[in-house]
1. For labels at residue 51 and residue 180 in the simple 7 Å Cα→Cβ model, what's the distance in nm?
2. Residues of the chain: accessible area per residue at 1.4 Å, in Å²?
3. Would you list, by chain and number, the aspartates and glutamates whose Cα falls below 19 Å from the Cα of residue 157, excluding same-chain residues fewer than 8 positions away?
4. Among 43, 108, 78, pick out the residue whose Cα is farthest towards the positive end of the charge dipole of the chain, where Lys and Arg carry +1 and Asp and Glu carry -1 on C-beta, about the Cα centre.
5. Taking only the alpha-carbon atoms of segment 92-209, what semi-axes of the equivalent ellipsoid follow from 5 times the gyration tensor eigenvalues under a square root, in whole Å, largest first?
6. Label residue 170 and residue 34 with points 7 Å out from Cα along Cα→Cβ: what is the distance between them in nm?
7. Ignoring ligands, DNA and RNA, how do 14, 27 rank by accessible area with a 1.4 Å probe, largest first?
8. For the chain, just list the percent of Cα-Cα distances falling in each 5 Å bin from zero outward, please.
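The values are calculated or read from the model by the stated rules, or taken from the named source; none is laboratory data. Everything numeric here is computed off the predicted structure, so don't read it as measured data. Because the Cβ atoms are built from the backbone with ideal geometry, glycine has one as well, and the counts that use them run over all protein chains shown. For the accessible areas, the whole protein counts, side chains as well, though only heavy atoms, and no ligand, DNA or RNA atoms are used. Shrake-Rupley method; radii C 1.70, N 1.55, O 1.52, S 1.80 Å.
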Amino acid sequence: RRASADGGRTWSDVFLIDGGDEPDLAVSHGVFLSHQGTLWAFHGAFYGRMERVHMRAYTLDEARDTWVKKGVVAEGGFWPMGEPQRLDDGNWIVAGVSVRGGYGGVDPAAVAISDGDDLTKWRVVVIAPATGVGELWGESALLIRKEEITCIARWSKPFALAATSTDGGRTWSETAPTNLPMAASKPCAGRLSTGQYYLVGTTAADAGN
């Protein structure tokens with residue numbers, strides 16, 4: 001982690017959130033949420049070579065400038081890929097991927113849904129890929145509208161995959177190919193202050209995928 005006190009113009013030295021204090025444990029990149037005056041971090045972690053993937057949580061103790069470990073908060077291979085977003089039902093939802101095959105397998109998009117404001121308890125919902133999608137590493141992003149949530153995920157082909165939910169992320173349509181060009185890199189999505197929704201992805205003119 002680095003920190004900036006001047007709007008991103010200059011940055012502190014790198015300091016550690018969690019180096020992994022168990023044999024063969026790696027703690028990798030994650031997402032942040034500022035909630036009720038506390039900064040939370042949610043990170044993907046795994047053992048060995050992408051085995052037993054899970055999500056861990058941390059809070060920042062600002063007085064001591066140290067991170068407090070909250071432990072494993074979601075399993076099922078879940079790796080968070082987007083910051084938590086509040087749903088109308090009071091729960092939070094995080095876009096991610098459920099790592100099952102790893103390194104050339106079928107790792108579908110997934111979401112984690114909180115138990116209200118308890119950010120240490122998350123239920124993982126895996127979004128099944130449509131027949132014929134084949135290999136994928138389903139890093140995903142969410143567009144949340146009042147009546148529908150859209151999950152956009154990367155694919156092993158140069159197009160985006162998409163799925164929808166109309167019940168707060170509890171159930172989903174299959175993740176199916178779209179006609180939206182997007183290379184196999186993590187998408188980012190959200191809503192602007194104007195109310196417009198956006199999707200940021202990567203395309204390439206002549207580099208295949």
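1. Label-label distance for residue 51 and residue 180, simple model: 3.6 nm.
2. 52
3. Those aspartates and glutamates meeting the cut-off are 107, 135, 139, 174, 206.
4. Checking the options against the dipole of the chain, the answer is 108.
5. Equivalent ellipsoid semi-axes, largest first: 23, 18, 12 Å.
6. For residue 170 paired with residue 34, the spin-label model returns 3.3 nm.
7. Working: 14 100, 27 40 Å².
So the residues, ranked largest to smallest area, are 14, 27.
8. For the chain, the pair-distance distribution reads 1, 7, 14, 18, 19, 17, 13, 8, 3, 0, 0.
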